[in-house]
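Laboratory data are not the source of any read-out in this text; all were calculated from the coordinates shown. This structure is a prediction, so every number in the text was calculated from the model and none was measured. Reconstructed Cβ throughout: ideal geometry from the backbone, glycine too, with neighbour counts over all protein chains shown.
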Amino acid sequence: MTSAPPPKLSVIGTGYLGAVHAACMANFGFDVIGVDVDQRKIDQLSEGKPPFYEPELPEILTAALDSGRLTFTTDLAQAAAFADVHFICVGTPQSANSNAADVTFVNSAVSGLVPHLTRDALLVGKSTVPVGTAARLRTLARSLAPAGVNVDLAWNPEFLREGFAVADTQRPDRIVIGTDSDSADQLLRAVYAHQLADGVPYLRTDLATAELVKVAANSFLATKISFINAMAEVCERAGADVTALAHAIGYDDRIGAKFLRAGVGFGGGCLPKDIRAFMARAGELGVDDALSFLKEIDDINLRQRTRTANAAVTMLGGSVNGKTIAALGAAFKPDSDDVRDSPALDVAANLHLQGARVRVYDPKAMANAAALFPTLDFVDSAIDACADADLVLLLTEWKEFVALDPNELAARTAGKRILDARNVLDPVAWRAGGWHYRGLGRP
Ligand code: UGA
């Protein structure tokens, strides 16, 4: 008996999610075609150059291209002719005029692909979508399928973190598959055979549950961060230390120590827009009350940016006008060049608008940051940013910032003041170096 040949895969949308998924699956031995509407991105990926910074991606992309198992195209018809399983990995950004997710790109992936199919196909959504989207897309796909072609659609939410995207794709902490079809389930077990052999839990649900698992997970993570930031506000007023508090409550394994780092708050292309889109969808479903707490989570989060800017103003005696501020960090988190909804840039821009001369340095996100905030001053190193600065502001916890030597830096700045907006520095060492150190939610 001969076993079925492995399915061929297409990955539609080659951002942080799709590019990594395509390269990893090719390295696991599948033939993969990556598709994007952006010709420049496709050209760069075809040359083994990721259009964004993600650790380990250049190496695995090169290996996948060298194996001959990974190609890229802008042509959905080519993907339709090539693959049996089509992963939808396009973005679902916040809509321009509301909190809801803009699902234009998932719609156009399906309507652009399906009419070109010449054999049965399984579409697998990975994008984060409002609950109900998958069922609607399945109906759409079936209505567009050429005669004699059977199209099914499953939902497989993605939980990867930027900065760890390769590791999270190769060995996710769980695989969630929403489908009511046993054959789709079997096919996806074959696609994820490597991860399953590695012991990764595989959870089969219905379509709606799979969609909701993703937004529920991100809402929970956002809630944890805003919870600890709310504690930071109380600690600051009460003269307590939120880092010690987080450490102490984290020992309770029902609470857990992760995602309890108080600071300038969460940003990026996922958490902020996902909690807003979830609230908007709950409103459409008539259950606004169930998620009204997420508005508070969002408000607490945005307040941290104002609190950070206000702390800078206070440290500079009530006004930043005419002062020089070193902003260390622009990316929304370390090991990423992503500046979407970055708290770091938000704070830097706020202080700039209050009259400060803000010098920004980030190890990887300079080009993206400068494109978004061209009026800020971008310099080539942390040391350059700090030269003659009245205040040093640590906004993204890159390792090289955490490793800065207070004694070495002291001679370079105009005022030995540091605001640690990520609570990652050792206050004792910095104060011993003669610095006026301030964290968020610390005495
Ligand atoms: C997040 C989720 O963690 C992923 O599981 C999910 O797949 C992804 O969104 C997505 O929906 O695509 P990501 O946005 O890459 O991943 O970044 P996180 O590591 O979750 O960090 C989000 C933000 O929270 C960052 O700005 C980070 O600095 C902040 N954060 C995180 C804190 O302020 N405190 C913490 O304790 C942890």
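Peptide packing: for 26-35, 239-248, 211-220, the average count of neighbouring Cβ atoms within 10 Å per residue gives the ranking 26-35, 211-220, 239-248, highest mean first. Over the range 1-88, Cα pairs under 8 Å with separation of 6+ residues give a relative contact order of 40 percent. Helix 104-113 and the long axis of the chain differ in direction by around 30°, with both axes built from C-alpha atoms.
Considering only alpha-carbon pairs that sit under 8 angstrom and 6 or more positions apart, the relative contact order computed for the range 9-205 is 19 percent.
Considering only alpha-carbon pairs that sit under 8 angstrom and 6 or more positions apart, the relative contact order computed for the chain is 12 percent. Here the Karplus curve 6.51 cos²θ - 1.76 cosθ + 1.60, taken at θ = phi - 60°, turns the phi angles of the range 208-218 into couplings of 5, 5, 4, 4, 6, 3, 5, 6, 5, 4, 5 Hz, with x standing for Gly and Pro.
Pairing the Cα long axis of helix 16-27 with the longest principal axis of the chain, what angle in degrees results, from 0 to 90 and rounded to the nearest 10? It works out to around 50 degrees.
For the range 1-99, GluC sites (Glu not before Pro) are listed when DSSP marks them as loop and at most 12 other Cβ atoms sit within 10 Å of their Cβ; the list is E47. Over all Cα atoms in the range 218-439, the spread is summed up by Rg and Dmax: 17.6, 60 Å.
Against the main long axis of the alpha-carbon atoms of the chain, helix 133-144 sits at an angle near 40°. Straight-distance candidates among the aspartates and glutamates for linking to K41, with alpha-carbon spacing under 15 Å and chain neighbours fewer than 8 residues away dropped: E54, D75. Compactness check for the chain: Cα Rg over 2.2 N^0.38 Å is 1.06. On a 30 Å Cα-Cα criterion, which of the cross-link pairs K258/K399; K126/K295; K8/K399; K49/K273; K273/K364 come out too long? Beyond 30 Å between Cα atoms: K8/K399. Ordered by the number of other Cβ atoms lying within 10 Å of each residue's own Cβ, fewest first, L409, L328 fall into the sequence L409, L328.
Radius of gyration (Cα atoms) of the range 9-205, expressed as a multiple of 2.2 N^0.38 Å: 0.96. At 37 °C and 0.692 mPa s, grab the translational diffusion coefficient of the range 28-83 from Stokes-Einstein with a Kirkwood Rh over Cα pairs, rounded to a whole number in µm² per second. The estimated diffusion coefficient comes to 282 µm²/s.
Remark: the chain carries a charge dipole of roughly 720 debye about the Cα centre, counting +1 on each Lys and Arg Cβ and -1 on each Asp and Glu Cβ.
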